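K.L.:
Pasting in a structure now, in structure tokens, and then I'll have a few things to ask.
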Amino acid sequence: MIERDIRLFFQYKFLIIMRAIWFVSQVLLFGVIAANMVNVPDYFKYYVGGLSVMALYSTAIFIGFDIYEEAEHGVFEYLLSLPVSRRQLVIGRSIGGGLRAFIYVGPLVAISLFVIGAVNPLNFAIALLALFLFSFGVSGMSIAIAVLIKSSDRFDIFMGVLDAFIVRLSTTMYPLRQLQSTSQLYGFAASLNPLSYSADLFRWGTGVESIIAPQNPLLPFLGVVIFFGLFTLLGVAIYERMIEGGGWR
Amino acid sequence: MKGIIRMVEHDFRNFFRYKWWLVGLISMNLADLFVSALVYNTILKPTVSSAIGSYFNFFAPGLAVTGLFASAFMIGREINMERRREVHHYLLSLPMTRMELAIGRVLSGGLRGMMYMSPLLLTCFIFLGFPNILQLLLILAVLFLLAIGISGLSISIAVSTSSLEKFITARGAVYYVLFFCSTVFYPLTVIQSAGAALATLAEINPLSGASDMIRSILLPKIPSSFSYLSIIYIIAFSAIFTFTAAFAYMKILERK
């Protein structure tokens, strides 16, 4: 299942090109220019670190669209007829969705590392593990929402609205202190946002910690682990329940 | 003329089929204004802050232009889909000339952009102050020209790409270059400090011209990079892409 989902993803070559254009233009245009506008030290590096997490999030979400495609084209019945248990099918999809996002974002992360420069190997390994868990969690969340909503249009809209707020109310684009000083509510939302945890951990792992300074990196790491556990289990449980008796239609 | 009105009516009806998509787009635009712009307000460099005042006020006109671009560009997606599904046979059977059909499509794309942009422009007026009637007419006229140009650009891309994926990829490339190399998000002085080539691109960019014109009217105390040359750039952009789109659309209809 994991292999199939990864192969399927790389058939969307235009999606891949599109995301790469998005990433490069964000780095070379918005990142470079905005760094001259804001009073945050090393903002360019800070932004590039956050961008990698945004790219990971938007790619891991994509597994939900695959589920609709399969339901629409009758592929789902074929998947159910394969000699794999329901649980293997469901867990495979969740891992496949997260893994392919990670593979895709790999080169973008490499670009980020090149831009950011310094790397502490141990910190970076922990940050990378957190990103892995984060992408599995996002993939599980996408599966759970897709199966519950049951309409590709509504799913598309819901994810668009969620994306609008989850990205902006996180520390991917600006530091937590500034979110808190703008509004206590924004600060509170950002401090509970898994995107903030992943972005802060990635920056911590790559050495851009002077701006974010997580006093204790264990806390965001714990946040990512909880997010992963909750949504992977939830996604698997909901998907497993819905696939019996045509409930996914 | 009747044919053009019929085409506009047809495209407006189609537009309302995407109401939920529009809800998603509006939420994204509002999140940009009420979250990102407010946060950036607190992290501006003192030099930028003294030049533009509030980033929220600076960005509000840019947001109206962002909304206009996204909605006026939607016509291209529909035309690309019609091309792939061969709906043009039906369109060619309608009692109207090819030119009416093509002009109607470009015009409706622009008008739809204007309609979607209206609440965003109103939000901008609410926070920045209302212009007088002449200023309002000038703003609407310039934005309409820009909307027609964007619609034309979108149709030109739609008829020259054979699949939705290629269209979306081309749209992404155009979108990012036009937006990030414009004064929609940041003032021209900031772009100049990032590179001369980027600044030149931003100066001739019609999106910069439209955003700066609204700023120069609604925020007269803030130094603006707007010049009357910007209006000429917008007129040129609109004329080039309206005619390119109309002729490319007619050609593609007749070819198959």
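K.L.:
For A:Val75, A:Val53, which order do you get if you count the other beta carbons within 10 Å of each Cβ and list the fewest first?
P.N.:
Lowest count first: A:Val75, A:Val53.
K.L.:
Quick check of the Kirkwood formula: for region A:2-246, what is the inverse mean of 1/r over all pairs of different Cα atoms, in Å?
P.N.:
Working: mean 1/r = 0.0541 Å⁻¹.
When all Cα pairs of region A:2-246 are included, the Kirkwood radius is 18.5 Å.
K.L.:
Over the alpha carbons of region B:111-256, what is the largest minus smallest coordinate on each principal axis, giving the biggest first in Å?
P.N.:
Cα extents, longest axis first: 55, 37, 25 Å.
K.L.:
Rank these for me by crowding, B:Ile234, A:Ile166, going from fewest to most other beta carbons within 10 Å.
P.N.:
By the 10 Å Cβ count, ascending, the order reads A:Ile166, B:Ile234.
K.L.:
On average, how many beta carbons from a partner chain sit within 10 Å of the beta carbon of a residue in A:25-35?
P.N.:
The per-residue average across the peptide is 6.
K.L.:
What does the average come to when, for each residue of peptide A:179-188, you count the partner chain Cβ atoms lying within 10 Å of its Cβ?
P.N.:
3
K.L.:
Here is a follow-up. Starting from one equal scatterer on each C-alpha and no solvent at all, send me the Debye-based log10 I(q)/I(0) for region A:82-163 at q = 0.14, 0.27 Å⁻¹, two decimals.
P.N.:
Debye curve over Cα of region A:82-163, log10 I(q)/I(0) at q = 0.14, 0.27 Å⁻¹: -0.64, -1.25.
K.L.:
Using alpha carbons only, what's the Rg to Rh ratio of chain B with Rh from Kirkwood?
P.N.:
Value, to two decimals: 0.99.
K.L.:
Go ahead and set up a Gaussian network model of chain B, Cα springs under 10 Å, then flag whichever of B:Ile103, B:Ile222, B:Ile204 fluctuates most.
P.N.:
Maximum fluctuation in the GNM of chain B, among the listed residues, is at B:Ile222.
K.L.:
Follow-up. Roughly how many nanometres apart are two label points built 7 Å out from the Cα toward the Cβ at A:Phe188 and A:Glu240?
P.N.:
Distance between label points: 3.5 nm.
K.L.:
If you don't mind, another one. Name the residue, out of A:Ala130, A:Ala71, A:Ala199, whose mean-square fluctuation peaks in a Gaussian network model built on chain A with Cα pairs under 10 Å.
P.N.:
Highest fluctuation of the listed residues: A:Ala71.
K.L.:
Would you calculate the separation in nanometres between label points at B:Arg17 and A:Ile16, each defined as 7 Å from the Cα along the Cα-to-beta-carbon direction?
P.N.:
3.3
K.L.:
Under 5 Å between amide H atoms, partner at least 5 residues away or on a different chain: which partners does B:Leu44 have, H built in plane at 1.01 Å?
P.N.:
Residues meeting the amide H criterion: A:Asn39.
K.L.:
Expressed as an acute angle from 0 to 90° and rounded to the nearest 10, what is the orientation of the C-alpha long axis of helix B:206-218 relative to the principal long axis of chain B?
P.N.:
Helix B:206-218 sits at roughly 50 degrees to that axis.
K.L.:
Okay, next question. Rounded to whole Å and ordered largest first, report the semi-axes of the equivalent ellipsoid of region B:11-111 derived from its Cα gyration tensor (root of 5λ).
P.N.:
Each semi-axis is √(5λ); the values are 40, 14, 9 Å.
K.L.:
With charges only on Cβ, +1 for K and R and -1 for D and E, what is the dipole size of region B:2-255 about its Cα centre, in debye, rounded to 20? If you can, show how the numbers build up before the last one.
P.N.:
Working: 19 positive and 11 negative charges, 91 e Å.
That gives a dipole near 440 debye.
K.L.:
Roughly what % of Cα-Cα distances in region A:11-82 sit above 16 Å, to the whole percent?
P.N.:
Tail fraction, whole percent: 62.
K.L.:
Oh, and also: Per residue, how big is the convex hull of the protein assembly as shown when only Cα atoms are used? Give it in Å³.
P.N.:
Convex hull volume per residue, Cα atoms: 150 Å³.
K.L.:
Dipole size in debye (nearest 20) for region B:38-186 around its Cα centre, Lys and Arg Cβ +1, Asp and Glu Cβ -1? Please list the in-between numbers first.
P.N.:
Working: 10 positive and 5 negative charges, 41 e Å.
The calculation lands at about 200 debye.
K.L.:
Expressed as an acute angle from 0 to 90° and rounded to the nearest 10, what is the orientation of the C-alpha long axis of helix A:13-25 relative to the principal long axis of chain A?
P.N.:
10
K.L.:
Jot down the radius of gyration and Dmax of region B:160-224, Cα atoms only, both in angstrom.
P.N.:
Gyration radius and largest Cα-Cα distance of region B:160-224: 14.4, 49 Å.
K.L.:
Using the Cα centre as the reference, give the magnitude of the dipole from point charges on the C-beta atoms of the protein assembly as shown (Lys, Arg: +1; Asp, Glu: -1; all else neutral), rounded to the nearest 20 debye. Kindly include the intermediate steps, with their values, before the conclusion.
P.N.:
Numbers: 36 positive and 26 negative charges, 126 e Å.
I would put it at about 600 debye.
K.L.:
Which whole-number percentage describes the relative contact order of region A:2-246, with Cα contacts under 8 Å and a sequence gap of 6 or more? Let's see the in-between values first.
P.N.:
On the way: 305 pairs, mean separation 68.6, N = 245.
Result for region A:2-246 is 28 percent.
K.L.:
Take A:Met173, B:Met99 and order them by how many other Cβ atoms sit within 10 Å, fewest up front.
P.N.:
Ordered from fewest to most neighbouring Cβ atoms within 10 Å, A:Met173, B:Met99 come out as B:Met99, A:Met173.
K.L.:
Take peptide B:159-169, look around each residue's Cβ out to 10 angstrom, count Cβ atoms belonging to other protein chains, and average those counts. Show your work: numbers first, answer last.
P.N.:
On the way: counts 0, 0, 0, 0, 1, 1, 6, 2, 1, 4, 9.
Shielding by partners across B:159-169 averages 2.
K.L.:
Below 8 Å between Cα atoms, with a sequence gap of 6+, how large is the relative contact order for region B:2-255 in percent?
P.N.:
About 26 percent, as a whole number.
K.L.:
Follow-up. Measure nothing fancy, just the Cα-based angle from helix B:98-128's long axis to the longest principal axis of chain B, in degrees from 0 to 90, nearest 10.
P.N.:
20
K.L.:
Highest GNM mean-square fluctuation, chain A, Cα pairs closer than 10 Å: which of A:Leu195, A:Leu233, A:Leu222?
P.N.:
Per the Cα network of chain A with a 10 Å cutoff, A:Leu222 tops the list.
K.L.:
So what does log10 I(q)/I(0) come out to for region A:1-145 at q = 0.10, 0.11 Å⁻¹, using the Debye formula with one equal point on every Cα and no solvent?
P.N.:
The Debye formula, applied to the Cα set alone, gives -0.40, -0.48.
K.L.:
Gap in Å between the Cα centre of region B:26-73 and the Cα centre of region A:114-159?
P.N.:
Spelled out, the Cα-based centre of one part sits 27 Å from the other.
K.L.:
Using a 7 Å offset from the Cα along the Cα-to-Cβ direction at both B:Lys2 and A:Glu77, what is the distance between the two label points in nm, to one decimal?
P.N.:
5.0
Since every read-out is calculated from the coordinates, none of them should be taken as a lab result. Being a predicted model, the structure only gives us computed values, none of them experimental. Every residue, glycine as well, gets a Cβ built from its backbone with ideal geometry; the counts of neighbours run over all protein chains shown.
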